[in-house]
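Q: Quick one: the structure is below, and I'll ask about it shortly.
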Amino acid sequence: MRKAIFPGSFDPITLGHEDIINRSIPLFDEIVIAIGVNAEKKYMFSLEERKHFINETFKDEPKVSVITYEGLTIDLCHKINANFILRGLRNPADFEFEKAIAHTNRRLSKIETVFLLTAASTSYISSSIVRDVIRNGGEYGMLVPEAVKVKLHKL
Ligand code: ADP
């Protein structure tokens, strides 16, 4: 059984994340979206909100589930018997950053990291830019899945 975790902050989930997850569905039997909790990071959306956005977006996809975690990603993989880490690559900066993490994870475990190149149409999207647009009252609708839009319209 091929089980992958897709770790990240997802603050909030964007169309870029959604694209990576959708394209990984045929590759794995199960994909666990793992929202990392870092006590030193300040988030725009609460853990519950971030989880809700992802659950809503993939509510019709039985292979996809969401959990939250603290600590090392490879420890989480061992705990839930996941053999792959999934990550998206947008640009050379992502590659350099991800390369060091993937090599380290391979030194510490047997977990393979699988990279998908982002779709050209969403490769410019980042959660931090989405947060900036939201904060400043800009039009964020074309950057995020429906569930995020619905919640923000209610605020
Ligand atoms: P982190 O805090 O770990 O960077 P993110 O939620 O920003 O968490 O990203 C999680 C994963 O999603 C990373 O692999 C990142 O490269 C990928 N990702 C982020 N934005 C996009 C995008 N627009 N297209 C594809 N992948 C993306």
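Q: With respect to Leu89, determine if the residue is under 30 Å from Val150 (Cβ atoms), of a type in the set (A, V, I, L, M, F, W, C) and out of contact with any Asp or Glu (no Cβ under 8 Å at 6 or more places or on another chain).
A: Criteria not met by Leu89.
Q: Right, something else. Identify the residue in region 108-142 that is closer than 24 Å to Val32 by Cβ and of a type in the set (A, V, I, L, M) and, among all such residues, is farthest from the chain's Cα centre (by Cα).
A: My answer is Leu108.
Q: Does region 99-117 hold any residues that are among the β-branched types (Val, Ile, Thr) and away from the ligand (no atom under 12 Å from the Cβ), and which are they?
A: Within region 99-117, Thr104, Ile111 qualify.
Q: Of the residues Lys149, Lys63, Lys51, which single one is surrounded by 13 or more Cβ atoms within 10 Å (Cβ to Cβ), basic (Lys, Arg), within 18 Å of Glu18 (Cα to Cα) and in contact with a Gly (Cβ under 8 Å, 6 or more places away or on another chain)?
A: Among Lys149, Lys63, Lys51, only Lys149 is surrounded by 13 or more Cβ atoms within 10 Å (Cβ to Cβ), basic (Lys, Arg), within 18 Å of Glu18 (Cα to Cα) and in contact with a Gly (Cβ under 8 Å, 6 or more places away or on another chain).
Q: Right, here's the next one. Hey, any hits in region 101-121 for a residue that's in a loop (DSSP other than H, G, I, E, B), under 18 Å from Arg23 (Cβ atoms) and polar (S, T, N, Q)?
A: The answer is yes, given that some residue of region 101-121 is in a loop (DSSP other than H, G, I, E, B), under 18 Å from Arg23 (Cβ atoms) and polar (S, T, N, Q).
Q: Got a sec? Which strands (runs of 3 or more DSSP E) wholly within region 19-98 have at least 2 residues that are at pLDDT 95 or above and more than 14 Å from the ligand (Cβ to nearest atom)?
A: Numbers: elements: 30-36, 64-69, 84-89.
Correct list: 64-69.
The values are calculated or read from the model by the stated rules, or taken from the named source; none is laboratory data. Model, not experiment: these values are computed from the prediction. Don't worry about glycine lacking a Cβ; one is built from the backbone with ideal geometry, like all the others, and counts go over all protein chains shown.
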